[in-house]
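Participant: Please see the structure below; I have some questions.
The values are calculated or read from the model by the stated rules, or taken from the named source; none is laboratory data. Treat the numbers as computed from the prediction; the structure is a model and nothing was measured. Every residue, glycine among them, receives a Cβ derived from its backbone with ideal geometry; neighbour counts consider all protein chains shown.
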Amino acid sequence: MWEIDFKTMKILLALFLTCIIALNAPAQQNAASIKQQMSAIRKSTNWEDPVAAKKANEQIKELSKKLMMTGNPQGDQPPNQTKTEADQAKKDATDEKMKLWDQVMKSAAGSEGADVFLAEPVREQIKSEYKEEESNKSKGKEFLEEMTFLCINMSSPTVQLLIDQMENYKSIKTLVITCGKNGSAVDLETLIAKAKNYPLQQLYIINFKSFVTKVPKTISNFHDLTFLALYNNKILRLPPELSSMASLKKLYIDMNPVTVLTPTINSMTNLDTLGIAKTLIADVELSKIKQQLPNCKILLK
């Protein structure tokens, strides 16, 4: 199934509106007003907030329907065309737009048959639109300075477009590298290398299951990192290089078959929270951790 994220949904709607313009010219005077409202919603919405994104999508959906239903003004049919013929032409155009709308919504919802609705040329156009949009954003100094959060979802069909532009971001403090519920292949070495100049404070590498069995030692180069989450992978041990991460305060390695954390974490004297739920750490190892880090809160559940 070809999953659609919120950003791709925006592009789908933009493509849909482009098709509407081609099928419906000239538009009524209120069409410009409707498009301005839609543009304002897109710009003002925090698309990383699921609640806000859902509300915005509903508003855009309703406005798109209004825009879709705007037709030629009365008396503006082409020469030699009767009113009946003009009405039928308008009805045919509306029917065509309704079919297009259904295709967009079914694909955005990931419904059965979405792969058929969005053929390869359309997918490539969406990817091109997405890349162009991201490229334009990357050129904006203000955007680069304000962007502090970045999520790399390896299950997203457009993830490579984002990976290709990782080095254009300069102010990322929180980086999330994740995937869908079934895990996904990932080249962590490359991703960490692309993020090497980020002023990272928080790093998540989560939900990869058997696709991630070790942690890149280059993570230790993020000297300002205070939070590291490695949930739900198949990590067996931490690389010794991580022992140099003196700024680390919170480390979560829950849901991994790790058996040993010492002596790697012994030098993490600022560590105040350690999550080891659903690991294979034995009582003997746990005692060593408590002895080396007496002020660290250890979470077992």
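Participant: Mind listing whichever residues of the range 156-182 are within 18 Å of Asn233 (Cα to Cα) and at pLDDT 90 or above?
Facilitator: Of the residues in the range 156-182, the ones within 18 Å of Asn233 (Cα to Cα) are 175-182.
Leu175, Val176, Ile177, Thr178, Cys179, listed by residue number.
Participant: Within the range 162-190, which residues are outside any strand (DSSP E or B) and under 16 Å from Thr213 (Cβ atoms)?
Facilitator: Let us first name the residues in the range 162-190 that are outside any strand (DSSP E or B), namely 162-173, 179-190.
Scanning the range 162-190 gives Cys179, Gly183, Ser184, Ala185, Val186, Asp187, Leu188, Glu189.
Participant: When you go through (1) modelled with pLDDT under 95; (2) within 17 Å of the chain's Cα centre (by Cα); (3) part of a loop (DSSP other than H, G, I, E, B) one by one for Lys131, which number turns out not to apply?
Facilitator: Going through the list (1) modelled with pLDDT under 95; (2) within 17 Å of the chain's Cα centre (by Cα); (3) part of a loop (DSSP other than H, G, I, E, B), Lys131 breaks only (3).
Participant: Picking from Thr264, Thr218, which residue would you name as being without any contact (Cβ under 8 Å) to a residue 40 or more places away in the chain and crowded, with 17+ Cβ neighbours inside 10 Å?
Facilitator: From the options Thr264, Thr218, the qualifying one is Thr264.
Participant: For the range 40-60, what are the residues that are among the charged types (D, E, K, R) and touching a residue at least 12 places away in the same chain (Cβ under 8 Å)? Give the steps one after another, and end with the answer.
Facilitator: Looking only at the range 40-60, we keep the residues that are among the charged types (D, E, K, R), and these are 42-43, 48-49, 54-55, 58.
Result: Arg42, Glu48.
Participant: Given (1) touching a Lys or Arg at 6+ places or on another chain (Cβ under 7 Å); (2) in contact (Cβ under 8 Å) with a residue 24 or more places away in the chain, identify the lone condition not met by Thr213.
Facilitator: (2)
Participant: Of Ala185, Ala277, which residue is closer than 25 Å to Met166 by Cβ and assigned by TED's automatic domain parsing to the domain that holds Asn153?
Facilitator: Ala185 is the lone residue from the list that is closer than 25 Å to Met166 by Cβ and assigned by TED's automatic domain parsing to the domain that holds Asn153.
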